[in-house]
Structures are given as C-alpha cells and as structure tokens.
C-alpha cells in the first residue's frame with residue numbers, strides 16, 4: 001500500500017479530463033437537435049453528471065466495488081464512501097473512486113440521445129437514478145469489481161461494455177418506450193448547429209485520451225500504448241465513415257466526427273490489449289459498421305434520435321469482440337483469436353451479449369415503469385414549443 | 001402583379017417549397033419571424049402555474065406572381081401548410097406596382 005506520486009498525479013488529471021467529456025457530449029448532442037431544444041440537450045448532460053455524482057458517493061461506488069455478492073453486485077462495505085480514504089495501492093482509494101465516478105456519469109449522459117427533444121426533466125432525474133443504480137452499477141461490478149465477467153477473464157480495458165454497450169443499447173430501449181418525436185420522418189429534423197457538435201466532438205476526442213490511458217491507473221507504458229491506439233482508432237474511424245458517406249453523397253463533417261467517436265468507442269475495451277496496427281483495423285471497421293447501423297436505424301424508422309445505439313451500442317459491441325480477436329499477449333498479457341486463443345473470443349462474446357441483453361431489457365423495464373407512473377414524455381404542446389422554454393424557461397430564440 | 005405573404009409553421013417549409021416548385025413557382029424569399037394570432041401565443045400549464053409563450057417562431061414566405069397565378073399559389077400553400085390545428089398561419093395578398101430585375105434592368109409593370 002504505497003502511493004506513487006507520478007501515478008496519482010496522472011490519474012488526478014485524467015479524472016478531470018474525463019469529467020469534461022460529459023459536458024462535451026452535451027455539446028456534441030446539442031448541436032444535433034433543433035434550436036428550440038439545444039439548451040435542454042446540453043443541460044441533460046450536466047444534470048446526468050450531478051445526479052450520478054451524488055448517487056455514486058452514496059451508493060453507486062459500493063454497489064460496483066464493494067465485496068462481491070454472487071458475481072452480480074457489490075456489497076455495502078463502502079456505503080457513503082465509508083473506508084474510502086487517502087491511502088491506497090499506487091493511487092489513493094479516494095482518487096480511484098472519483099475516476100470511476102466520471103465514467104458512470106458519462107454513461108447516463110449518453111442515454112439522453114434516445115429521449116432527445118421530448119423527455120420530461122423530472123422523470124429523467126428519477127429514471128437516471130434508477131438506471132445508474134440498477135444497470136450501470138451491476139455492469140461495472142461484473143467487469144471491474146470482481147463480478148462474474150472479471151472472474152471469467154473477460155477483457156474490458158476502459159469500459160467498452162460497461163459504459164458504451166450499456167448506454168447504447170439502453171438508449172435504444174428508452175427510445176422505443178418513449179416513442180418517436182412528433183413529426184419524425186415527416187418534417188426535417190436536421191442538426192441546427194454543427195459547429196457546436198464539432199466542438200463537442202473535439203473535446204470528447206481529447207478527453208478520451210484520459211478515459212483510455214487513465215484506465216491503466218498508472219503513468220506507465222501501458223498507458224502510453226492506450227493513448228496511441230486511441231488516437232489511431234479515432235483517426236481511422238473518422239476516415240472510413242467519411243469515405244463511406246462520400247460514396248453516397250457529400251462527406252459531411254458530422255459523419256467524419258461521428259466516425260471518430262465510433263473509432264474511439266471501439267478501441268475503448270481494446271486499448272490495453274492491442275497495438276497500433278490492430279487499432280487501424282478496429283477503428284476503421286467501426287467507422288463503416290456504425291455508419292451502416294445508422295443507415296439501418298433510419299431505414300427502420302427508429303427514432304433513437306442522436307445515434308447512441310449505432311455509435312456507442314454497436315461500436316461497443318464490436319470493440320468487445322474485436323478485443324477477443326486482436327489481443328496481443330506482449331501488450332496486455334492475453335492473446336486473441338488471430339493468435340489461436342479461441343477461448344478468449346468466446347469469453348468476450350458471452351460478456352458482450354449478456355451486457356447487451358441485460359442493459360436493453362432492464363432499461364426497457366425501468367422506462368416502462370416510469371412511463372406508466374409519472375410519464376416519460378412532455379405534452380404535445382411543450383414538445384412543439386421546445387424543451388428549452390417548456391422545461392427550463394430559457395431559450396436561444398427569444 | 002401581386003405579392004403573396006404567407007406566415008407558416010417552420011416545420012412545414014420543406015413541404016410548401018416542394019409543392020410550390022412542383023407547380024412551377026420557384027422564386028421566393030423567406031424570413032424567420034415571430035408572432036402571434038388571436039390566441040396570444042401558446043399557454044403551457046405547469047402545476048397550476050401558467051407559462052405563456054407569446055411570440056411563436058414562424059416562417060414568412062414572400063412570392064410575387066402574376067394576377068392569374070394568385071389562386072394557384074394560395075391553394076398550394078394552404079394545402080401544404082395545413083395541420084388543422086390552431087397556429088397554421090395566415091396568407092396576405094397585396095398589389096405590386098413594378099418589378100425590376102437588377103442584372104438586366106428589365107422592368108415589369110402591370
């Protein structure tokens with residue numbers, strides 16, 4: 001139990017950088033909605049951060065990282081941060097807790113994609129508390145807190161399964177319960193402020209270095225590897241998505257930045273297990289796969305409005321499987337499918353698909369309960385005038 | 001010649017534009033405007049507290065056409081922009097004395 005000054009300094013800075021990703025996601029999403037909902041969209045991310053902070057320090061952290069109960073959930077050892085102190089192994093326990101907190105926060109913020117422009121704020125707060133407690137915390141425990149997935153040997157370096165599969169498939173379930181926006185498919189709902197989306201995307205890309213490299217929890221070579229493959233995968237995703245959309249029309253900047261995010265999502269579980277060349281393949285494939293998923297989503301007329309499912313859900317699922325394919329023992333100590341380790345690929349598949357099923361079904365149930373009791377959605381008139389005025393009494397337009 | 005000024009719902013602009021183009025009316029000027037009708041905006045009820053949004057965003061379309069085309073334009077716009085609910089907008093028709101094309105200096109007056 002010796003603290004390392006270098007590691008502690010590094011993880012402190014990473015925690016602050018990952019915190020920035022949640023408001024950044026708000027900007028990323030905010031630019032994609034109509035002007036009457038832009039404040040609401042950005043505010044939902046800040047609100048997610050605030051809700052999860054309080055939930056995490058009271059109950060969330062202990063449910064995720066308390067002593068293992070049946071492989072499913074953590075015990076109440078650390079309730080209210082009891083026993084989480086300034087000492088620790090390498091970095092202070094307090095810092096580890098804070099680093100994990102900012103991950104939990106962004107997961108809830110990603111979910112807001114599925115309810116954009118129509119969610120009732122009060123219901124979102126109640127739903128968010130339930131979701132982070134009953135969906136995110138168990139998943140974090142499975143992967144990192146000594147749960148069944150970790151015992152089985154599933155690899156998730158920085159949260160591809162825990163953060164991205166849970167929120168991506170959750171967003172899809174949530175969008176199915178809340179229903180389509182009024183006029184979806186009938187009226188144009190084009191993004192109204194792409195510059196804000198690009199700014200948000202830039203900040204996400206920047207924060208992702210901390211998200212992935214910081215997950216090494218030490219300032220070491222593995223962190224450097226994670227940092228480099230993160231950069232490469234983002235660039236590859238940006239180029240392939242842009243290329244694929246170029247074939248169909250103009251290469252939009254929105255497509256380019258979406259591809260970068262897809263590449264970042266896909267490398268998240270893999271960044272401590274694969275090298276630079278593998279990350280080109282992972283990021284590049286994710287760009288095309290997520291773009292295809294988005295086209296499928298539009299074709300099927302799902303109003304998962306800002307494509308958290310296509311990018312985070314499917315990108316995360318692909319990343320989890322790709323980790324099982326491309327892992328190199330020289331980097332993370334485990335070989336993947338291409339080096340003959342079939343077992344690891346199967347483990348990755350089980351872990352990922354259980355997470356898909358659990359997060360989709362649980363989110364669907366929670367959303368249904370909230371919808372039947374206090375109602376998830378604003379009234380038709382409130383939706384028409386926009387959530388900025390209806391929910392916050394503020395507006396970009398007046 | 002007449003100037004037709006239509007105040008419509010912003011989300012109906014695409015449909016109105018397409019339908020007008022189909023009938024051969026391509027030229028137009030549009031404005032983002034705000035306004036209200038006899039109902040004085042939209043009133044939202046929030047736990048008994050009234051929250052009035054009194055100026056609602058709309059789109060204004062200005063089109064200048066020959067006298068015998070007015071009917072067709074009005075019909076196209078009303079059909080494309082109607083939802084049947086309060087707030088569908090209004091159309092105003094006014095006379096135009098003369099139109100001058102800046103590039104050619106050609107003027108039309110009738």
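At 222 nm, what value in deg cm²/dmol follows for chain B if DSSP H runs of at least 4 each add -39500 (n - 2.57) and the sum is divided by all its residues, to the nearest 500?
The helix contribution divided over chain B gives -6000 deg cm²/dmol.
Think of it as helices only: each DSSP H run of n ≥ 4 in chain A is worth -39500 (n - 2.57), and spread over all residues that comes to -20500 deg cm²/dmol at 222 nm.
Based on Cα contacts under 8 Å between residues 6+ apart, region B:2-108 shows a relative contact order of 42 percent.
A Gaussian network model of chain B, with springs between Cα atoms under 10 Å, assigns the largest mean-square fluctuation among B:37, B:84, B:24 to B:84.
Among A:120, A:301, A:180, the largest mean-square fluctuation in a Gaussian network model of chain A, built with springs joining Cα atoms closer than 10 Å, belongs to A:301.
Quote the relative contact order of region A:5-392 in percent (integer), defining contacts as alpha-carbon pairs under 8 Å separated by 6+ residues.
Relative CO of region A:5-392 lands at 23 percent.
Sorting check: for A:91-97, A:329-335, which peptide has the highest mean count of neighbouring beta carbons within 10 Å, and how do the rest follow?
Numbers: A:91-97: 19.6, A:329-335: 15.4.
So the peptides A:91-97, A:329-335, ranked by packing, come out A:91-97, A:329-335.
Its residue count N fixes a reference of 2.2 N^0.38 Å for region A:61-154, and the Cα radius of gyration divided by that reference is 1.19. Remark: mean inter-chain Cβ contacts per residue of B:54-60 equal 2, using a 10 Å Cβ-Cβ cutoff to other protein chain atoms. Going by neighbour counts of Cβ atoms within 10 Å, the residues B:29, A:323, A:293 line up, fewest first, as B:29, A:293, A:323.
Between the C-alpha center of region B:1-80 and that of region A:47-89 there is a gap of 55 Å. Panel order for B:73, B:96, B:65, A:135, by other beta carbons found within 10 Å of each beta carbon, from fewest to most: B:96, B:65, B:73, A:135. Taken over the Cα atoms of chain A, the convex hull encloses 127 Å³ per residue.
We did not get these values from a lab; they are worked out from the coordinates using the rules stated. In this text the structure is predicted, and so the values were computed from the model without any measurement. Quick reminder, even Gly has a Cβ in these numbers, built from the backbone with ideal geometry, and neighbours come from all protein chains shown.
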